[in-house]
1. So, restricting to helices (runs of 4 or more DSSP H) that lie completely within the stretch B:299-356, which ones have at least 2 residues that are more than 15 Å from B:Glu380 (Cα to Cα) and in contact with a Gly (Cβ under 6 Å, 6 or more places away or on another chain)?
2. Which residue pairs have Cβ atoms closer than 6 Å, lie 6 or more positions apart in sequence or on different chains, and pair a first residue in the stretch A:96-122 that is farther than 13 Å from A:Asn36 by Cα with a second residue that is among the aromatic types (Phe, Trp, Tyr)?
3. Given (1) in contact (Cβ under 8 Å) with a residue 60 or more places away in the chain; (2) crowded, with 24+ Cβ neighbours inside 10 Å, identify the lone condition not met by A:Leu157.
4. Is it the case that some residue within the stretch B:224-239 is facing chain A (nearest Cβ under 9 Å), in contact with a Ser or Thr (Cβ under 9 Å, 6 or more places away or on another chain) and not in a loop (DSSP other than H, G, I, E, B)?
5. Considering only residues of the stretch A:171-191 that are closer than 19 Å to A:Glu220 by Cα and not in a strand (DSSP E or B), which is nearest to the other protein chains (Cβ to nearest Cβ)?
6. Given the conditions (1) modelled with pLDDT of 95 or more; (2) out of contact with any Lys or Arg (no Cβ under 8 Å at 6 or more places or on another chain), report the number of the one that B:Ala300 does not fulfil.
7. For A:Glu249, all conditions in the list (1) under 30 Å from B:Val146 (Cα atoms); (2) away from chain B (no Cβ under 11 Å); (3) surrounded by fewer than 20 Cβ atoms within 10 Å (Cβ to Cβ) hold save one; what is the number of the exception?
8. At least 2 residues that are open to solvent by 10 Å² or more (accessible area, probe 1.4 Å) in each: list the strands (runs of 3 or more DSSP E) lying fully within the stretch B:5-92 that qualify.
2 protein chains.
Amino acid sequence: MKNICILGATGSIGLNTLEVVSLHPEKYKVFALSANTDWKKMLELCEIHKPTYAALVNSDAAEHLHRQAPDGVTVLSGEKALVEVAAHKKTDYVMAAIVGSAGMSSTLAAAVAGKRIMLANKESLVIAGNLLINAAKKSGAELIPVDSEHSAIFQCLQGSKSGLSKIQITASGGPFLNTPLSELALVTPSQACKHPNWKMGRKISVDSATLMNKGLEAIEAHLLFALKPNQIDVVVHPQSIIHSLVHFEDGSILSQLGLPDMRTAISYALSYPERQKSGVDFLDLTKQQPLVFLTPNTEAFNCLELAYTALKIGKNAPATLNAANEIAVEAFLNNQIGFLDISKIIESTLEAVPTANLDTLVSVMENDQLSRQIAKSVIESRA
Amino acid sequence: MKNICILGATGSIGLNTLEVVSLHPEKYKVFALSANTDWKKMLELCEIHKPTYAALVNSDAAEHLHRQAPDGVTVLSGEKALVEVAAHKKTDYVMAAIVGSAGMSSTLAAAVAGKRIMLANKESLVIAGNLLINAAKKSGAELIPVDSEHSAIFQCLQGSKSGLSKIQITASGGPFLNTPLSELALVTPSQACKHPNWKMGRKISVDSATLMNKGLEAIEAHLLFALKPNQIDVVVHPQSIIHSLVHFEDGSILSQLGLPDMRTAISYALSYPERQKSGVDFLDLTKQQPLVFLTPNTEAFNCLELAYTALKIGKNAPATLNAANEIAVEAFLNNQIGFLDISKIIESTLEAVPTANLDTLVSVMENDQLSRQIAKSVIESRA
């Protein structure tokens, strides 16, 4: 029996994780759940799953939950509660599904404590990749990707990495794949959040629309699989059926396919190296649209190029890129800037923040704060 | 340094194997080559590759070769020479690439002698599957498939077979994919031998046109991967880019892709579990036609159904099916019967040959002879 801790339990990855876990009560116990502020949803989850701990970052929300939580559920409050449940000695597996850099400390805590980390929070890797990977190496923590793309690559590499020449991360192309560059300036947040294939949160939906999600995934792949930037390609595949591909030097390619449903990757992260039922339907390829592959339009979707630039610079550049992106996407969602301004804010921020090494959590935090301030000031200077 | 023995060296698989081997002279030595009658081609290969042994089944051809073979090449003659080189104590890897049941004894000899068998001769498995697999288990021989489809499945299963639900063997659909049933009766041998994607011999080309090759592959997969008939599907994929797929119970599918070039699977069988350069180009998916998947038309291509029937009956039925198919295809290539008669001959033969177990090589041979005689008499009775 494995004790499961879900960081970001009320989000889509968290809820999908609970669905998969519920299919296998003989294997998994919901040990701890965390969320930011949504105490009503958390209360509902506590009633169904009876976790030992329920942690809410917002103290008022925690207070509400505390008053109504079922017997046996200990309610915790504050940022440090996330670290506490992630590193708890009874926790076996940690689903790291908090969106953005807010998930970093708890993911790092799980790595230091030697847990199996089911990594859905790509920002932890982008911001503090070396810290996280070194901590995991030291403690013996397992990093199992839950992003569909990295899960695909991880699955394809189970046999052997021998002769790997490069990987291709597939991109749906997002909602604006066929939108002319001239119209992109005027797209609205609600248009950007309508993803054709995947159901996701708003921040990730915008990243998908700008193709920044692929840039972040390229950085993540570099860290997870120890690949050079020129070994990582992005290919647009609007059907989202092939989730990524690994090319080998003998001309062979391995790929992982499936319906666009997060439960497959979540289930694999739980059951790895074995497999188990996930609730996901069998994919009947004869009922699918033809599978098409296109080269990304980097003129219209400049964020992808910026991510590769940051990846090649290395050091703090990916972290700076990520911080600037979070600020710019937030500003776009608040109608402060246009869609095409997102990449401009990021570019200006990357130019303004000095290059530095990020060897400690303090330096990571400081760089994150500085980058956010600069990104905000860039936005203000444009207003 | 591994000593390579190629059975069927002058055929397309044999020549492709020599191409791959030549790329890695530091790893492989061409130790023995065999062919049936083509002594001129064999002489050419002897001059280039300087094998220790060159074996020709036809004694006149062997005599011709003997007179002109370069110094250092020992020329052998007759059926038993194939067994001799396959089981030779200095042979490490045996490429079993003789087409049809003629390849059986030598493949079995390699299995008994504990060699790595790179299995391109699918008939050995279909005719004497249990004998071959039991011999390999006993001696520690490795059976590495070289068929592109089985190589694909073999590659996809390198990580783990856990949770495998089924496999899908892809079929190009052959040259008559879109030919109406009413026109199939009149197609000619030369039309049947024009395969859209792969360059192959005439017998295999006809098998591809009737979809019998997929039936034989389903039987082969049953034996190689210990799968039940209902775990083996065939899906038509006219682009021949995805070479086969493995479905797992969590909704995940692993597949192997590549250009339709045998050198990838040959190279993998040589280098397994590592990889190496094979001379095959990188596959650029953005330059390919869209990938399409269709359900096979079993009304027009009845051979596939017959193969599943034989697979479900078990015992000698797959061997009988294979023998009848060889006779029927030969008759078709000699313009004795029409294209649609092939499946009728096989069906009548399957009905006429009594069910029996095939536990010994003698019983395998007797069943093969009986099935061929019956198939021939069925053809004659129709003339």
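1. Numbers: elements: B:302-313, B:317-333, B:341-352.
Per the criteria, B:302-313.
2. Close Cβ pairs (under 6 Å, with a partner that is among the aromatic types (Phe, Trp, Tyr)) amount to A:Arg116/A:Tyr93.
3. The single condition A:Leu157 does not satisfy is (2).
4. There is at least one residue in the stretch B:224-239 that is facing chain A (nearest Cβ under 9 Å), in contact with a Ser or Thr (Cβ under 9 Å, 6 or more places away or on another chain) and not in a loop (DSSP other than H, G, I, E, B).
5. Of the stretch A:171-191, the ones closer than 19 Å to A:Glu220 by Cα are A:171-173.
Cutting the leftovers down to not in a strand (DSSP E or B) gives us A:172-173.
Details: A:Ser172: 15, A:Gly173: 12 Å.
That would be A:Gly173.
6. (1)
7. Going through the list (1) under 30 Å from B:Val146 (Cα atoms); (2) away from chain B (no Cβ under 11 Å); (3) surrounded by fewer than 20 Cβ atoms within 10 Å (Cβ to Cβ), A:Glu249 breaks only (2).
8. Numbers: elements: B:28-35, B:53-56, B:74-77.
Answer list for the stretch B:5-92: B:28-35, B:74-77.
The values are calculated or read from the model by the stated rules, or taken from the named source; none is laboratory data. As the structure is a computational prediction, the values presented were derived from the model and not from experiment. Here Cβ is always computed from backbone atoms with ideal geometry, including for glycine, and neighbour counts include all displayed protein chains. These area figures cover heavy atoms from the full protein model, side chains too; ligands, DNA and RNA do not enter into them. Shrake-Rupley method; radii C 1.70, N 1.55, O 1.52, S 1.80 Å.
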